[in-house]
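Here is the structure we will look at, set down as structure tokens.
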Amino acid sequence: MAQTPKKPKPLATLPTRKKRARAVIAALREEFPDSRCSLDHRDAWQLLVATILSAQCTDARVNMVTPGLFERFPTMRDFAEAPREEIEEAIRSTGFYRNKAKSLQGAARALLERHGGEIPDDMKAMVKIPGCGRKTANVVLGEIYNHPDGVVVDTHVGRISRKLGLTDQTDPVKVEKQLNECIPREDWRDFGHLIIDHGRKTCRARAPRCDDCALYRWCQTRA
């Protein structure tokens, strides 16, 4: 009979978490030397659209939808001026399509009106764009401008970071704050990519492959 995983240990001191974070990043870089953003895009606008669509949806599904979406609506202005129902129909398979269509059209209009159609390169401006929270903003700031304001926290990053004892929080904003403290700033962008790759290949939520885990020695919930 399989053992029940232990509850996470109390959060370690910041120096310990910093040391552990560096070791985790080094191990994952060795395992995933070509780790990168898994959302296909050609420019900042396409990445913003793809990231908004990725909420409650797999990146693989988003990558199936976006080629046809950008063929139908090639420019930001096309999104701003299209009947919203047409956008909804084009993104229906990503789920929550009505809210996402509203966010995409709102983002396009806001960027055209406030920023001349350019994607801003700072967090304060980004989070004022419809549909763009800190996670989405950090994806764009990291990939396009190479200076995210923090670690991108999605479900993989939050879940695995707790297992590694790098955070004891569940709220994404609080998780990000703790990760920003212990992960070197120059690794903020890549940490998310590496953890996501690890979560998809090895540390799966429902069936983790612990015997093949390069991070097993640091796992705080191992049986």
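Which condition from (1) of a type in the set (Asp, Glu); (2) outside any helix (DSSP H, G or I); (3) within 30 Å of TRP218 (Cβ to Cβ) is the one that GLU118 breaks?
Only one criterion is unmet by GLU118, namely (3).
What are the residue pairs meeting all of these: first residue in region 120-131, first residue surrounded by 20 or more Cβ atoms within 10 Å (Cβ to Cβ), second residue not in a helix (DSSP H, G or I), Cβ atoms under 6 Å, and 6 or more apart or on different chains?
From region 120-131, the pairs are MET126/PRO120; MET126/CYS132.
So ASN138 passes all but one of these: (1) within 20 Å of PRO172 (Cβ to Cβ); (2) of a type in the set (S, T, N, Q); (3) over 15 Å from the mean Cα position of the chain (by Cα). Which condition number does it fail?
(3)
Hey, among the residues in region 166-194 that are without any contact (Cβ under 8 Å) to a residue 12 or more places away in the chain and assigned to a helix (DSSP H, G or I), which one's nearest to CYS37 (Cα to Cα)?
From region 166-194, those without any contact (Cβ under 8 Å) to a residue 12 or more places away in the chain are 169, 171, 174, 185-186; that's our starting set.
With assigned to a helix (DSSP H, G or I) added as a condition, the list becomes 174, 185-186.
On the way: LYS174: 23, ARG185: 18, GLU186: 16 Å.
The qualifying residue nearest to CYS37 (Cα to Cα) is GLU186.
What are the residue pairs meeting all of these: first residue in region 137-160, first residue closer than 20 Å to ASP40 by Cα, second residue of a type in the set (Ser, Thr, Tyr) and crowded, with 20+ Cβ neighbours inside 10 Å, Cβ atoms under 6 Å, and 6 or more apart or on different chains?
If the second residue must be of a type in the set (Ser, Thr, Tyr) and crowded, with 20+ Cβ neighbours inside 10 Å, the pairs left are VAL139/THR51.
Does ARG134 fit the bill of being within 22 Å of LEU39 (Cα to Cα), among the basic types (Lys, Arg) and surrounded by fewer than 23 Cβ atoms within 10 Å (Cβ to Cβ)?
Details: within 22 Å of LEU39 (Cα to Cα): yes; among the basic types (Lys, Arg): yes; surrounded by fewer than 23 Cβ atoms within 10 Å (Cβ to Cβ): yes.
The answer is yes for ARG134.
I need a count of the residues in region 183-223 that are of a type outside the set (Gly, Ala, Ser) and under 20 Å from LEU141 (Cβ atoms).
Looking only at region 183-223, we keep the residues that are of a type outside the set (Gly, Ala, Ser), and these are 183-191, 193-198, 200-204, 206, 208-213, 215-222.
Imposing the further condition that a residue be under 20 Å from LEU141 (Cβ atoms) reduces the set to 183-191, 193-196.
Of the residues in that region, 13 qualify.
The rows are residues; the columns are (1) of a type outside the set (Lys, Arg); (2) surrounded by fewer than 17 Cβ atoms within 10 Å (Cβ to Cβ); (3) at pLDDT below 95.
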| site | (1), (2), (3) |
| --- | --- |
| GLY158 | yes, no, no |
| LEU164 | yes, no, no |
| ASP168 | yes, yes, no |
| VAL175 | yes, no, no |
| ASP190 | yes, no, no |
| LEU194 | yes, no, no |
| TYR216 | yes, yes, no |
| ALA223 | yes, yes, yes |
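Looking only at region 139-149, count every residue that is over 15 Å from LEU194 (Cα atoms) and either in contact with a Leu (Cβ under 7 Å, 6 or more places away or on another chain) or surrounded by 23 or more Cβ atoms within 10 Å (Cβ to Cβ) (or both) and tell me the total. Full working, then the answer.
Within region 139-149, the subset over 15 Å from LEU194 (Cα atoms) is 140-141, 144-149.
Now narrow it down to the ones that are either in contact with a Leu (Cβ under 7 Å, 6 or more places away or on another chain) or surrounded by 23 or more Cβ atoms within 10 Å (Cβ to Cβ) (or both): 140-141, 144, 147-149.
The total comes to 6.
Does region 196-212 hold any residues that are surrounded by 12 or more Cβ atoms within 10 Å (Cβ to Cβ) and out of contact with any helix residue (DSSP H, G or I) (no Cβ under 8 Å at 6 or more places or on another chain), and which are they?
LYS201, ARG204, PRO208
So that you can scan it fast, the table gives a plain yes or no per residue for (1) in contact with a Leu (Cβ under 8 Å, 6 or more places away or on another chain); (2) in the same structural domain as ARG185 (by TED's automatic domain parsing); (3) under 25 Å from SER161 (Cα atoms):
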residue	(1), (2), (3)
ILE52	yes, no, yes
ASP59	yes, no, yes
PRO74	no, no, no
ALA82	no, no, no
ARG92	no, no, no
ALA107	yes, no, no
LEU112	no, no, no
MET123	yes, no, yes
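The values are calculated or read from the model by the stated rules, or taken from the named source; none is laboratory data. Keep in mind it's a predicted model, so treat the numbers as computed, not measured. In this analysis, Cβ positions are derived from the backbone assuming ideal geometry, glycine residues included, and neighbour counts consider all displayed protein chains.
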